[in-house]
Amino acid sequence: MSSPWFDVPYVFCRLRMTVSHAFRKKEPGQEKDPLFTSHSTDYVIVGTFQLQRMPFSVRPTFSNPKVSLRVSGWSLSGMSGGKGSGAWETGTRKDFTGNTTPGSVNLEIYPDEGHQTNFHTRDDDKFGIKLATHSWERSSTGFNQEARDTEEGHISFFLQQPFPAKPGEVRLKDKLPDLLLNTPFCLAVTACEPPRISGSFRLTPGLPAFRIVDDTVDQNPIPHCRVRVQCPDGVAREFVADDAGEVFIPRSGKEVYTLLEVLEDAAPVSLSRPVGWTVESMPALP
């Protein structure tokens, strides 16, 4: 089936998945000597990358074989049981902050199925991270044993969402019926609870030089703000962020642009007031 998505050369993607939950439960069948399991975690997975349309595909397919995701978070899991002098507990904490090893991400659009779209990592053995682990065993009798080590894990995801028949910006829905996230932070391979999702797919000529967001946890974009940027020739110039808080600057290579100031209104520079802001880093152009 023909689709105008076949004429789109690139798709710029921004993805953010946030997972945060905690529970403590009593295991069944342990009335005389109760056994409790507990688990808590808080982590975020962020990606900013460009996908290129693959030629000769039977459906519009976009891919990037060298995507690296940014991951930051922790998890804590444990068991406890016994009473009085027989009480004991075990636990493991995992921590990681950094980038995954590179892997492939695909975007596949099915025009004959209402433009249903699959967005996913391609290989389960890619996007590797090495977590720092701290494990312990303790008892009320004074036994205490601890160990620190590293553990290798992988990140993978699969989600589905309809795309419009006409190419344009697509925002990811917060809650999707078909969503799978595999992560080493949770007890099983699959995340215990569906993540909160935000992100978008945009048709842009290249990657933005900057994305201006506020300093809240959700990092909401600051649209249409003015920025002063020092260009490679040493001259400071003004640019305006778009609806998504992104600043596009035509670039032909690896020139360095430095953000100097963010202004909250359209007054002259001498009268405008600086605002609080955060810059979300962008990957270098390929």
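The values are calculated or read from the model by the stated rules, or taken from the named source; none is laboratory data. These numbers come from a predicted model, not from an experiment. Neighbour counts are summed over all protein chains in view; Cβ atoms, including those assigned to glycine, are modelled from backbone coordinates with ideal geometry.
With respect to (1) buried (at least 17 other Cβ atoms within 10 Å of the Cβ); (2) polar (S, T, N, Q); (3) touching a Gly at 6+ places or on another chain (Cβ under 6 Å), the lone exception for S38 is condition (1).
Is one or more of the residues making up the range 50-67 in contact with a Phe, Trp or Tyr (Cβ under 8 Å, 6 or more places away or on another chain), at pLDDT below 90, surrounded by 13 or more Cβ atoms within 10 Å (Cβ to Cβ) and within 30 Å of G153 (Cβ to Cβ)? Let's see the steps before the verdict.
Residues of the range 50-67 in contact with a Phe, Trp or Tyr (Cβ under 8 Å, 6 or more places away or on another chain): 50-54, 59-60, 62, 64, 67.
With at pLDDT below 90 added as a condition, the list becomes 50.
Those left that are additionally surrounded by 13 or more Cβ atoms within 10 Å (Cβ to Cβ): 50.
Pick out the ones that are also within 30 Å of G153 (Cβ to Cβ) and you get 50.
Yes, the range 50-67 contains a residue that is in contact with a Phe, Trp or Tyr (Cβ under 8 Å, 6 or more places away or on another chain), at pLDDT below 90, surrounded by 13 or more Cβ atoms within 10 Å (Cβ to Cβ) and within 30 Å of G153 (Cβ to Cβ).
Looking at S80, S57, S63, S72 in this structure, which one is outside any strand (DSSP E or B), among the small types (G, A, S) and assigned by TED's automatic domain parsing to the domain that holds E108?
Working: S80 fails: outside any strand (DSSP E or B); S63 fails: outside any strand (DSSP E or B); S72 fails: outside any strand (DSSP E or B).
Unique residue meeting the criteria: S57.
Tell me, please, whether a residue that is in contact with a strand residue (DSSP E or B) (Cβ under 8 Å, 6 or more places away or on another chain), charged (D, E, K, R) and within 30 Å of D7 (Cα to Cα) can be found in the range 157-169. Please lay out each step first, then the result.
Initial filter on the range 157-169 (in contact with a strand residue (DSSP E or B) (Cβ under 8 Å, 6 or more places away or on another chain)): 157-164, 169.
Subsequent filtering for residues that are charged (D, E, K, R) retains 169.
Narrowing the set further to residues that are within 30 Å of D7 (Cα to Cα) leaves 169.
For the range 157-169, residues in contact with a strand residue (DSSP E or B) (Cβ under 8 Å, 6 or more places away or on another chain), charged (D, E, K, R) and within 30 Å of D7 (Cα to Cα): present.
Checking each residue of the range 103-123 against the condition of being surrounded by fewer than 14 Cβ atoms within 10 Å (Cβ to Cβ) and out of contact with any strand residue (DSSP E or B) (no Cβ under 8 Å at 6 or more places or on another chain) gives at least one match.
Have a look at T133, T141, T97 and point out the one that is assigned by TED's automatic domain parsing to the domain that holds T41, part of a strand (DSSP E or B), at pLDDT below 95 and not aromatic (F, W, Y). Talk me through it step by step, then tell me what you get.
On the way: T133 fails: at pLDDT below 95; T141 fails: part of a strand (DSSP E or B).
Going through T133, T141, T97 in turn, the sole match is T97.
Picking from residues in the range 100-110 that are part of a strand (DSSP E or B) and of a type in the set (S, T, N, Q), the one that is nearest to P65 (Cα to Cα) is S104. Select from the range 111-120 the residues that are touching a residue at least 40 places away in the same chain (Cβ under 8 Å) and in a strand (DSSP E or B) and write down the one among them that is farthest from S200 (Cα to Cα). Out of the qualifying residues, it is Q116. Every test in (1) in contact with a strand residue (DSSP E or B) (Cβ under 8 Å, 6 or more places away or on another chain); (2) surrounded by fewer than 14 Cβ atoms within 10 Å (Cβ to Cβ) is passed by K83 save one, and that test is (1).
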